[in-house]
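**Student:** Just passing along the structure, written as structure tokens.
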Amino acid sequence: MTQAIRDGLAVDVFVSASPEGPAALHRAGLFGPLRTIAWNRMVLVVRPELEAPVEDALALLADPRWRIGMSTPGADPGGDHAAAFLGRLTTTDPGRWQGLRVRCASLYGASLPDPDAPPRSPAAETLREGRADMLIAYATTADRIARALPGTRILSLPPHLAPPTEICATARFGGPEPARRFFEALQGPACAEILRRHGFLTAPVQPG
């Protein structure tokens, strides 16, 4: 998305699941300072009916029987955060985690969704179609998967390996007044309440 905006995509307010894109647009002089409006976290999403009663996420990840899916690093912040988690994890015990990355595949998130297409969850489709046994994904994505696929299990990942991720917003310099007001509203209490209802952790409101 960041590159698409650089290339001329008409965007006045950019909300991203990573601070890197908004920060890059700010450094380029196209957008103003970024503001953190919420936080998310990474979890392990286990497909329904997987014959693995273990409720420990790391034990499941260590089991060589299971195929692990994730979003696409470099194209989607969810993939970047999953890759960062894997990087931290594998350094804790290289012997135990040898071969883990071979079982991990980027199965969705490589391209922007079609805004005119009906809403869909590529992550849920990945589990429904049996292309992975479990996913490393956002907690908010996991909640949507669980609603679509009853019996899905959501397991926490150690916070020192998967710290909360920032949801950031920024507004284009010289953008229209409605965009400026929308950007301000994103930092307010009404938006924070909406984000909480959808499973996000709300960050302190940034000063104006």
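Residue-by-condition table, conditions (1) surrounded by 11 or more Cβ atoms within 10 Å (Cβ to Cβ); (2) free of Cβ contacts under 8 Å to residues at least 12 places away in the same chain:
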| residue | (1), (2) |
| --- | --- |
| Leu149 | yes, no |
| Ala162 | yes, no |
| Glu166 | yes, no |
| Thr170 | yes, no |
| Glu184 | yes, no |
| Pro189 | no, no |
| Ile194 | yes, yes |
| Arg197 | no, yes |
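**Student:** Residue by residue through segment 99-129, note down the ones that are without any contact (Cβ under 8 Å) to a residue 24 or more places away in the chain and in a loop (DSSP other than H, G, I, E, B).
**Tutor:** Pro113, Asp114, Pro115, Asp116, Ala117, Pro118, Pro119, Arg120, Glu129
**Student:** Next question, about the same structure. Restricting attention to segment 2-13, does a residue exist that is under 18 Å from Ala83 (Cβ atoms) and basic (Lys, Arg)?
**Tutor:** no
**Student:** Then there is this: Tell me which residues, restricted to segment 97-124, are charged (D, E, K, R) and modelled with pLDDT under 95.
**Tutor:** If the condition is that a residue be charged (D, E, K, R) and modelled with pLDDT under 95, then Arg101, Asp114, Asp116, Arg120 are the ones that fit.
**Student:** Of all residues in segment 63-98, count the ones that are assigned to a helix (DSSP H, G or I) and either of a type in the set (Phe, Trp, Tyr) or under 16 Å from the mean Cα position of the chain (by Cα) (or both).
**Tutor:** 10
**Student:** Right, next: Let me confirm something: among Asp7, Asp56, Asp63, which residue is within 24 Å of Ile145 (Cα to Cα), surrounded by fewer than 16 Cβ atoms within 10 Å (Cβ to Cβ), without any contact (Cβ under 8 Å) to a residue 12 or more places away in the chain and of a type outside the set (Ser, Thr, Tyr)?
**Tutor:** So the residue among Asp7, Asp56, Asp63 that is within 24 Å of Ile145 (Cα to Cα), surrounded by fewer than 16 Cβ atoms within 10 Å (Cβ to Cβ), without any contact (Cβ under 8 Å) to a residue 12 or more places away in the chain and of a type outside the set (Ser, Thr, Tyr) is Asp63.
**Student:** For Leu107, state whether it is surrounded by fewer than 18 Cβ atoms within 10 Å (Cβ to Cβ), within 26 Å of Trp66 (Cβ to Cβ) and outside the structural domain of Ser16 (by TED's automatic domain parsing).
**Tutor:** Here the answer is no, as Leu107 does not meet what is asked.
**Student:** Could you tell me which residue of segment 10-45 is surrounded by the most Cβ atoms within 10 Å (Cβ to Cβ), considering only residues that are within 17 Å of the chain's Cα centre (by Cα) and in a helix (DSSP H, G or I)?
**Tutor:** Of the residues in segment 10-45, the ones within 17 Å of the chain's Cα centre (by Cα) are 14-22, 36-45.
From the residues that got through so far, the ones that are in a helix (DSSP H, G or I) too are 20-22.
Values: Glu20: 15, Gly21: 22, Pro22: 25.
Taking the candidates together, the pick is Pro22.
**Student:** Would you confirm whether or not segment 139-153 contains a residue that is assigned to a helix (DSSP H, G or I), among the basic types (Lys, Arg), closer than 18 Å to Ala17 by Cβ and in contact with a helix residue (DSSP H, G or I) (Cβ under 9 Å, 6 or more places away or on another chain)? First the steps, then the outcome.
**Tutor:** Let us first name the residues in segment 139-153 that are assigned to a helix (DSSP H, G or I), namely 139-148.
Now narrow it down to the ones that are among the basic types (Lys, Arg): 144, 147.
Imposing the further condition that a residue be closer than 18 Å to Ala17 by Cβ reduces the set to 144.
If we keep only those that are in contact with a helix residue (DSSP H, G or I) (Cβ under 9 Å, 6 or more places away or on another chain) as well, we get 144.
Among the residues of segment 139-153, at least one is assigned to a helix (DSSP H, G or I), among the basic types (Lys, Arg), closer than 18 Å to Ala17 by Cβ and in contact with a helix residue (DSSP H, G or I) (Cβ under 9 Å, 6 or more places away or on another chain), which makes the answer yes.
The values are calculated or read from the model by the stated rules, or taken from the named source; none is laboratory data. Just so it is clear, the model here is predicted, and its values are computed rather than measured. Cβ sites come from the backbone with ideal geometry, for glycine too, and all protein chains shown count toward neighbours.
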